[in-house]
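The values are calculated or read from the model by the stated rules, or taken from the named source; none is laboratory data. Fair warning: this is a prediction, and the values are worked out from it, not measured in the lab. Reconstructed Cβ throughout: ideal geometry from the backbone, glycine too, with neighbour counts over all protein chains shown. Each accessible area value is taken on the protein alone, full model and side chains, heavy atoms only, with ligands, DNA and RNA left out. Shrake-Rupley method; radii C 1.70, N 1.55, O 1.52, S 1.80 Å.
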Amino acid sequence: MPASPSTHPGMGAVPHDGGVTFRVWAPNARQVAVTGDFCGWDPTSRARMARDSARSGTWSTFVPGAWPGAKYRYLIRSGGPYRSRIDPVAREVTHSDGDAVVFDPRRLSWGERAFSMPGWDDLVIYEVHIPTFAAEGWRAGTFDRAIDRLDHLAWLGVTAVEVMPPFAFAGPVSWGYNPSHLFAIESSYGGPQAFARFVQAAHDRGIAVLLDVVYNHLGPGDLHLWRLDGGRKSRYGGSYFYNDRRALTPWGATRPNYDRKHVRNYLRDSAVMWLEDFRVDGLRFDATQFIRSRWGNIHHPGERLGAGHRFLASMTADLRARQPWKILIAEDMQQDPTVTRPSEQGGLGFHSQWDAGFVHPVREALETHDDGSRQVHAVAAAVRASHLSAPHERVIYTESHDEVANGRSRVTESIAPGRADSWHARTRASLGIALTMTSPGIPMLFQGQDVAEDRWFDDRTPVDWDKAHRHAGFLHLTRQLVGLRRNLTGRTRGLSGRHTHVIRADDDRKVLAFHRWHHGGPGDDTVVVVNLTTEPVWDYSVGLPRAGRWHVRCNTDSPLFGPGLGRVHASAVDSEPEWCDGYPQRGRVTVGPYAAVIYSQDA
């Protein structure tokens, strides 16, 4: 009896009453079957699949009696012997080169309490790599172990945790940017159920979950998509990939073929699954410049991939229409306004993008050994961000997985190699966090930055959480800065406001002063003064937007924040009615060495 296609919709293994529908896109296949636990892996009992239609390229069948939790594989023949392949849409795998597992997202347990995504002006992101963020001793972290760290993040005040790619990958350890299976959580992290528990636990603590996704290349290790249904060119990957020079990326010849509708749908469906079935609150798209250009240079006309641009614009439009409150972030690193321009206006349609224009000049200013060489105007430009239409259009940071690995160091280590506990390292690293929390943009911390971790990031070395005790002052300063950014005391609304004005960028004295506000007024107008030298600044005149007393909300030189601090006392400032820096009032401020002072008025 010939096989019949399933009448049920859906790609991959989709459980229904009485059995499971299996469907795979394999347009070049001549024969397809599915085998697994439900037939005892008996070759003579495998379930043959049928084409859904002559032109669809998909094959399907309904297997009565198959069940969630059953392991399975596809057998695909396009000439020659059958190839045994893991389902491209497998929602669970035993490991990257193991078997697919029938997974039913309807069985995930979600709490009754609804989670509300924080406003984007209230986002403070904390980036984590699960195995090293949640390690116990030298046992690699899992999502269940990571739940135990969420209380620390809630205490710190962060409102979103960004998870580096947790998808099944080849090998025992990875950063995650070599995904073998886009729909399956890495089994060593705990699989899909553990990820769902992590999302629920984060939501219970008021923390959103952002997921890092990789669509610029796949694999290349344990890549069952590679020549899934054959292919004419041995050096290229077949149906899911470009089969010419467009396939080439810095990570292998595995760029997905954005010109093919089924490939675009395949990538989009993975994003939809994480946002809808697993309730994540946003996505960060890795290296989008390699989706819309061959080698990451979008300014070179000959390198552009128009299909990649259209793919991203279409995907963001689809995702925004489905759940407009969830945030989409690009790592494009070009300072290209096209990234956050709406799709209907020719843009890519992202809400935000990582900003290389902040991290690089700020880190250069922090790491430069000679005070006289610090470029205050460059830092001022990084803070001002005049290219933004809205503050949330960029994510700002001084540390990320890229900035503290591959030959790059943590800020503390870069400042004072081998002496990350030193006064110079701690004070200037804290200036980096202060600038991150007071500048327009969505601020982000990298795992361990809050405890002054000094070791560079790799995928085997865990965060040394004992530093939370050794660097307690640094940790409490970070917490205070996060709280001021989020206006938790009701006195610094301007730090998350829409407006920024650089009051003064003094390259002679190495002092930067800037004004943040939303609507303006007491409790809103916030003035930040930064001293980028080892010498205190005494009675320094700066313009102030309003008359009256300006209170110190944070002095990073306070003795509360670590040994060697507190040599200079920063006190409240009473304004004087005299024009200064274009403002009608003047104040005389005192700022300690390598310190920032944040001022506002009582409401």
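Evaluating THR44 against the criteria (1) at pLDDT 95 or above; (2) among the β-branched types (Val, Ile, Thr); (3) open to solvent by 60 Å² or more (accessible area, probe 1.4 Å); (4) outside any loop (DSSP other than H, G, I, E, B) leaves one unmet condition, (1). Could you go through the range 536-557 and let me know if any residue there is out of contact with any strand residue (DSSP E or B) (no Cβ under 9 Å at 6 or more places or on another chain), part of a loop (DSSP other than H, G, I, E, B) and touching a residue at least 12 places away in the same chain (Cβ under 8 Å). Within the range 536-557 (the criterion being out of contact with any strand residue (DSSP E or B) (no Cβ under 9 Å at 6 or more places or on another chain), part of a loop (DSSP other than H, G, I, E, B) and touching a residue at least 12 places away in the same chain (Cβ under 8 Å)), the answer is no, since none of the residues qualifies.
Restricting ALA513, ALA603, ALA505 to residues that are open to solvent by 10 Å² or more (accessible area, probe 1.4 Å) and in a strand (DSSP E or B) narrows the list to ALA505.
With respect to being open to solvent by 20 Å² or more (accessible area, probe 1.4 Å) and either over 29 Å from PRO192 (Cα atoms) or not in a loop (DSSP other than H, G, I, E, B) (or both), GLN335 fits the description. Annotation note: of GLU364, GLU393, the sole residue that is within 20 Å of the chain's Cα centre (by Cα), acidic (Asp, Glu), open to solvent by 10 Å² or more (accessible area, probe 1.4 Å) and within 20 Å of VAL502 (Cβ to Cβ) is GLU393. The numbered conditions (1) under 24 Å from the mean Cα position of the chain (by Cα); (2) assigned to a helix (DSSP H, G or I) are all true for ALA378 except (1). Among the residues of this structure, GLY111 does not count as one that is closer than 30 Å to GLY221 by Cβ and part of a loop (DSSP other than H, G, I, E, B).
Each residue in the range 487-500 was checked for being closer than 12 Å to THR526 by Cα, surrounded by fewer than 23 Cβ atoms within 10 Å (Cβ to Cβ) and touching a Lys or Arg at 6+ places or on another chain (Cβ under 8 Å), and 5 pass. If I ask for residues that are assigned to a strand (DSSP E or B) and closer than 23 Å to PRO192 by Cα, which ones from the range 64-74 would you list? Of everything in the range 64-74, those that are assigned to a strand (DSSP E or B) and closer than 23 Å to PRO192 by Cα turn out to be LYS71, TYR72, ARG73, TYR74. When GLU413, GLU399, GLU403 are checked against the criterion of being surrounded by fewer than 24 Cβ atoms within 10 Å (Cβ to Cβ) and under 18 Å from the mean Cα position of the chain (by Cα), a single residue qualifies: GLU403.
In the range 243-260, is there at least one residue being in a helix (DSSP H, G or I), out of contact with any Phe, Trp or Tyr (no Cβ under 8 Å at 6 or more places or on another chain), in contact (Cβ under 8 Å) with a residue 24 or more places away in the chain and open to solvent by 60 Å² or more (accessible area, probe 1.4 Å)? Yes, because at least one residue in the range 243-260 is in a helix (DSSP H, G or I), out of contact with any Phe, Trp or Tyr (no Cβ under 8 Å at 6 or more places or on another chain), in contact (Cβ under 8 Å) with a residue 24 or more places away in the chain and open to solvent by 60 Å² or more (accessible area, probe 1.4 Å). If you go through the range 202-232 and keep only what is farther than 23 Å from ARG268 by Cβ and open to solvent by less than 10 Å² (accessible area, probe 1.4 Å), you end up with ALA202, ILE207, GLY230. Applying the condition of being open to solvent by 10 Å² or more (accessible area, probe 1.4 Å) and under 17 Å from ARG493 (Cα atoms) to the range 550-568 and asking which residue is farthest from the chain's Cα centre (by Cα) yields HIS551. Screening the range 299-318 for residues that are buried (at least 22 other Cβ atoms within 10 Å of the Cβ) and touching a residue at least 40 places away in the same chain (Cβ under 8 Å) and picking the one that is nearest to LEU275 (Cα to Cα) gives MET315. Would you confirm whether or not the range 18-36 contains a residue that is among the basic types (Lys, Arg) and in contact with a Cys (Cβ under 9 Å, 6 or more places away or on another chain)? No, the range 18-36 contains no residue that is among the basic types (Lys, Arg) and in contact with a Cys (Cβ under 9 Å, 6 or more places away or on another chain).
Between PRO166, PRO179, PRO118, the distinction of being in contact with a helix residue (DSSP H, G or I) (Cβ under 7 Å, 6 or more places away or on another chain) and under 30 Å from GLU393 (Cα atoms) belongs to PRO166 only.
Scanning the range 319-343 for residues that are free of Cβ contacts under 8 Å to residues at least 40 places away in the same chain, touching a Gly at 6+ places or on another chain (Cβ under 6 Å) and of a type in the set (Lys, Arg) returns a single hit, ARG341. Where helices (runs of 4 or more DSSP H) fall entirely within the range 388-479, those with at least 1 residues that are over 24 Å from VAL568 (Cα atoms) are at 411-415, 467-470.
Looking at the range 526-549 only, could you name the residues that are of a type in the set (Ser, Thr, Tyr), over 36 Å from the mean Cα position of the chain (by Cα) and surrounded by 18 or more Cβ atoms within 10 Å (Cβ to Cβ)? Once the filter is applied, which keeps residues that are of a type in the set (Ser, Thr, Tyr), over 36 Å from the mean Cα position of the chain (by Cα) and surrounded by 18 or more Cβ atoms within 10 Å (Cβ to Cβ), the range 526-549 yields only TYR540.
Mind listing whichever residues of the range 287-330 are farther than 29 Å from ASP121 by Cβ, among the charged types (D, E, K, R) and part of a loop (DSSP other than H, G, I, E, B)? Hit for the range 287-330 is ARG294, nothing else. Of the candidates ALA425, ALA356, ALA382, the single residue that is in contact with a Pro (Cβ under 6 Å, 6 or more places away or on another chain) and either modelled with pLDDT of 95 or more or of a type outside the set (Phe, Trp, Tyr) (or both) is ALA382. Of all residues in the range 22-29, none are open to solvent by 50 Å² or more (accessible area, probe 1.4 Å) and out of contact with any Leu (no Cβ under 9 Å at 6 or more places or on another chain).
You will find that of GLY57, GLY69, GLY111, GLY65, the residue that is closer than 17 Å to SER187 by Cα, touching a residue at least 24 places away in the same chain (Cβ under 8 Å) and surrounded by fewer than 21 Cβ atoms within 10 Å (Cβ to Cβ) is GLY69 and no other. Annotation for the range 339-353: no member residue is more than 25 Å from ILE291 (Cα to Cα), part of a helix (DSSP H, G or I) and open to solvent by less than 20 Å² (accessible area, probe 1.4 Å).
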